[in-house]
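Participant: Once you've had a glance at the structure underneath, I'll fire off some questions.
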Amino acid sequence: MFKKRIAAVAAGLFACHALSAIAADKQVEVMHWWTSGGEAKALGVLKDNLKQRGYSWKDSPIAGGGGEAARTVLRARIASNNPPDAVQMLGFSVLDYAEQDLLTNLDSIAKKGDWDKQVPAPLQRFSKADGHWYGVPIDVHSDNWIWANKKIFDELKLTPPQTFEELVADADKIRKAGYIPLAHGGQAWQEATIFDSAVMSAGGPKFYNEALIKLDPKALGSKTMEKAFDQLRALRGMVDPNFPGRDWNLATSMVINGKAAMQIMGDWAKGEFASAGKKPGVDFLCMRYPGTQGNFIFVTDQFATFKAGNERQAGQYAFAEAVMDPKVQAQFNQIKGSVPARLDVPADGFDECGQKSMADMRTALKNGTMVGSFAHGQAMPEASKTAVYDVVTHFFNSNQSSGDAVKSLVTAVQNSK
Ligand code: BGC
């Protein structure tokens with residue numbers, strides 16, 4: 001009898017222990033840099049869905065738009081053999097970590113969810129290595145956008161500029177009326193983001209591809225590239241003196257509050273307008289950067305999961321399924337400002353900017369002109385990206401001529417290979 005009681009107590013204790021072990025395991029640590037108002041709201045959709053699948057979310061946010069700080073922290077976590085379960089990544093990072101054999105293979109989940117068919121091919125280029133799935137795309141942003149304050153545009157009777165010259169003329173009127181023409185944050189990644197648009201505007205998708213994706217020295221050193229730098233120089237003249245170091249979302253606030261008329265930024269900026277209760281077509285306008293109408297420079301956020309034991313892997317699988325859940329993709333992207341990374345999510349529920357973006361993506365897909373963003377790591381490998389960042393940001397913050405910038409661009413890319 002006594003023995004039986006002991007056994008029962010022991011069994012109870014064991015059950016308790018096992019339960020708490022399960023509780024600890026049923027958690028997924030997610031590292032990301034979505035800390036602005038709009039970003040955090042969008043992330044809430046994914047958190048809720050993961051919870052419904054029986055997993056709690058351990059949040060590891062690393063602030064810093066573009067993800068530079070997050071990438072540095074991740075490297076340290078990997079070096080100490082303690083990577084998070086799931087990590088937000090851009091472009092070549094997924095492929096680099098897959099090559100180092102650090103990531104969980106997600107083929108079985110991908111097969112169940114029909115990812116091969118549903119995820120646009122240009123995104124798959126950064127999700128799959130050697131034919132296997134390692135990255136889970138949650139969104140498709142594009143960064144060749146201008147976000148404008150509608151009240152200022154109405155007051156000055158401005159319409160979306162169709163050419164870069166028109167943009168320059170509009171900026172002049174805006175400045176004369178006492179507003180800052182361009183809200184900008186002086187951080188290398190934000191300058192690189194503008195450069196994406198300038199290169200596309202100067203030369204179109206074919207040139208963009210030759211220069212920033214194929215890294216062809218002829219395209220990099222061309223007169224067309226000089227024109228892209230000329231645009232950057234003109235844009236530099238449109239910003240206020242306090243731009244250095246400013247975070248991107250603070251620049252967006254300047255447009256929201258009517259201090260500045262425009263911001264050139266990826267459509268995560270729309271998430272900020274939306275989270276401030278602003279409506280497209282009423283409070284703000286979304287327009288393609290002049291000369292890039294109908295073009296689509298994509299930025300896709302993907303999550304990669306780091307190899308872990310069986311229990312943690314189950315959580316990673318649940319997380320991957322949550323990311324690719326069509327309902328999550330719809331709600332998340334409506335809030336984030338991006339479009340779904342699956343082709344089977346309907347357009348209704350998206351606002352006019354979101355629907356335009358979806359249409360632009362489909363056109364670019366059909367024409368084979370959907371190109372990856374250099375600024376956000378989906379055009380060239382990391383080493384070249386860093387080298388080009390330096391050239392672009394040096395040019396933007398100095399009086400260097402476009403001709404000299406082009407020369408250093410060619411050399412920088414060559415040395416980085
Ligand atoms: C990411 C976006 C993010 C933005 C600003 C980009 O690199 O792709 O998802 O909103 O940085 O933080």
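Participant: Name every residue in region 389-400 that is farther than 25 Å from residue 378 by Cα and surrounded by 14 or more Cβ atoms within 10 Å (Cβ to Cβ), in order of residue number.
Facilitator: Hit for region 389-400 is 400, nothing else.
Participant: Still on this structure: Can you give me the number of residues within region 75-108 that are aliphatic (A, V, I, L, M) and in contact with a Gly (Cβ under 6 Å, 6 or more places away or on another chain)?
Facilitator: Residues flagged as aliphatic (A, V, I, L, M) and in contact with a Gly (Cβ under 6 Å, 6 or more places away or on another chain) within region 75-108 amount to 2.
Participant: Something else about it: Return a yes/no flag: does region 353-362 have any residue that is aliphatic (A, V, I, L, M) and surrounded by 23 or more Cβ atoms within 10 Å (Cβ to Cβ).
Facilitator: No, region 353-362 contains no residue that is aliphatic (A, V, I, L, M) and surrounded by 23 or more Cβ atoms within 10 Å (Cβ to Cβ).
Participant: Does at least one position in region 342-365 carry a residue that is among the hydrophobic types (A, V, I, L, M, F, W, C), within 16 Å of the ligand (Cβ to nearest atom), farther than 30 Å from residue 221 by Cα and touching a residue at least 24 places away in the same chain (Cβ under 8 Å)?
Facilitator: Within region 342-365, one or more residues are among the hydrophobic types (A, V, I, L, M, F, W, C), within 16 Å of the ligand (Cβ to nearest atom), farther than 30 Å from residue 221 by Cα and touching a residue at least 24 places away in the same chain (Cβ under 8 Å).
Participant: Restricting to region 128-180, what's the tally of residues that are surrounded by fewer than 20 Cβ atoms within 10 Å (Cβ to Cβ) and within 16 Å of the ligand (Cβ to nearest atom)?
Facilitator: 0
Participant: Being within 16 Å of the ligand (Cβ to nearest atom) and of a type in the set (A, V, I, L, M, F, W, C) is the filter; apply it to region 257-290 and report the residue that is farthest from residue 42 (Cα to Cα).
Facilitator: 264
Participant: If you don't mind, there's one more thing I want to ask. Restricting region 192-220 to residues that are of a type in the set (Asp, Glu) and without any contact (Cβ under 8 Å) to a residue 12 or more places away in the chain, which is farthest from residue 370 (Cα to Cα)?
Facilitator: 216
Participant: Would you check which residues across region 319-352 are small (Gly, Ala, Ser), open to solvent by 10 Å² or more (accessible area, probe 1.4 Å) and closer than 19 Å to residue 134 by Cβ and list them?
Facilitator: Within region 319-352, no residue meets the criteria.
Participant: Closer than 24 Å to residue 264 by Cβ and basic (Lys, Arg): is that true of residue 407 in this structure?
Facilitator: Criteria not met by residue 407.
Participant: Now, a different point. Considering region 268-309 alone, what residues qualify as being small (Gly, Ala, Ser), on the phi < 0 side of the Ramachandran plot and free of Cβ contacts under 8 Å to residues at least 60 places away in the same chain?
Facilitator: Selection gives 309 alone.
Participant: Return only the number of the condition from (1) touching a strand residue (DSSP E or B) at 6+ places or on another chain (Cβ under 8 Å); (2) over 22 Å from residue 247 (Cα atoms); (3) not hydroxyl-bearing (Ser, Thr, Tyr) that residue 88 does not satisfy.
Facilitator: Only one criterion in (1) touching a strand residue (DSSP E or B) at 6+ places or on another chain (Cβ under 8 Å); (2) over 22 Å from residue 247 (Cα atoms); (3) not hydroxyl-bearing (Ser, Thr, Tyr) is unmet by residue 88, namely (2).
So that you can scan it fast, the table gives a plain yes or no per residue for (1) farther than 21 Å from residue 381 by Cβ; (2) more than 16 Å from the chain's Cα centre (by Cα); (3) near the ligand (Cβ under 10 Å from one of its atoms); (4) not assigned by TED's automatic domain parsing to the domain that holds residue 324:
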site: 36; (1), (2), (3), (4): yes, no, yes, no
site: 51; (1), (2), (3), (4): yes, yes, no, no
site: 66; (1), (2), (3), (4): no, no, yes, no
site: 77; (1), (2), (3), (4): yes, yes, no, no
site: 88; (1), (2), (3), (4): no, no, yes, no
site: 91; (1), (2), (3), (4): no, no, yes, no
site: 94; (1), (2), (3), (4): no, no, no, no
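Participant: A further question follows. Any idea which residue in region 291-305 is farthest from residue 359 (Cα to Cα), counting only those that are assigned to a strand (DSSP E or B) and within 13 Å of the ligand (Cβ to nearest atom)?
Facilitator: 303
Participant: For the condition at pLDDT 95 or above, surrounded by 22 or more Cβ atoms within 10 Å (Cβ to Cβ) and over 25 Å from residue 375 (Cα atoms), what is the one hit in 90, 103, 50?
Facilitator: On inspection, the qualifying residue turns out to be 50.
Participant: Something else now. How about region 234-252: which of its residues are of a type in the set (S, T, N, Q), over 22 Å from residue 157 (Cα atoms) and within 16 Å of the ligand (Cβ to nearest atom)?
Facilitator: 249
Participant: OK, next. Do you know which of the residues in region 291-309 that are open to solvent by less than 10 Å² (accessible area, probe 1.4 Å) and among the aliphatic types (A, V, I, L, M) is nearest to residue 194 (Cα to Cα)?
Facilitator: Filtering region 291-309 for residues that are open to solvent by less than 10 Å² (accessible area, probe 1.4 Å) and among the aliphatic types (A, V, I, L, M), the one nearest to residue 194 (Cα to Cα) comes out as 297.
Participant: Right, here's the next one. In region 370-391, is there at least one residue being farther than 24 Å from residue 96 by Cβ and either part of a helix (DSSP H, G or I) or without any contact (Cβ under 8 Å) to a residue 40 or more places away in the chain (or both)?
Facilitator: no
Participant: Can you tell me which residues in region 347-399 are of a type in the set (A, V, I, L, M) and touching a strand residue (DSSP E or B) at 6+ places or on another chain (Cβ under 7 Å)?
Facilitator: 358, 361, 364, 370, 371, 379
The values are calculated or read from the model by the stated rules, or taken from the named source; none is laboratory data. Fair warning: this is a prediction, and the values are worked out from it, not measured in the lab. Neighbour counts are summed over all protein chains in view; Cβ atoms, including those assigned to glycine, are modelled from backbone coordinates with ideal geometry. SASA here: full protein model, heavy atoms, side chains in, ligands and nucleic acids out. Shrake-Rupley method; radii C 1.70, N 1.55, O 1.52, S 1.80 Å.
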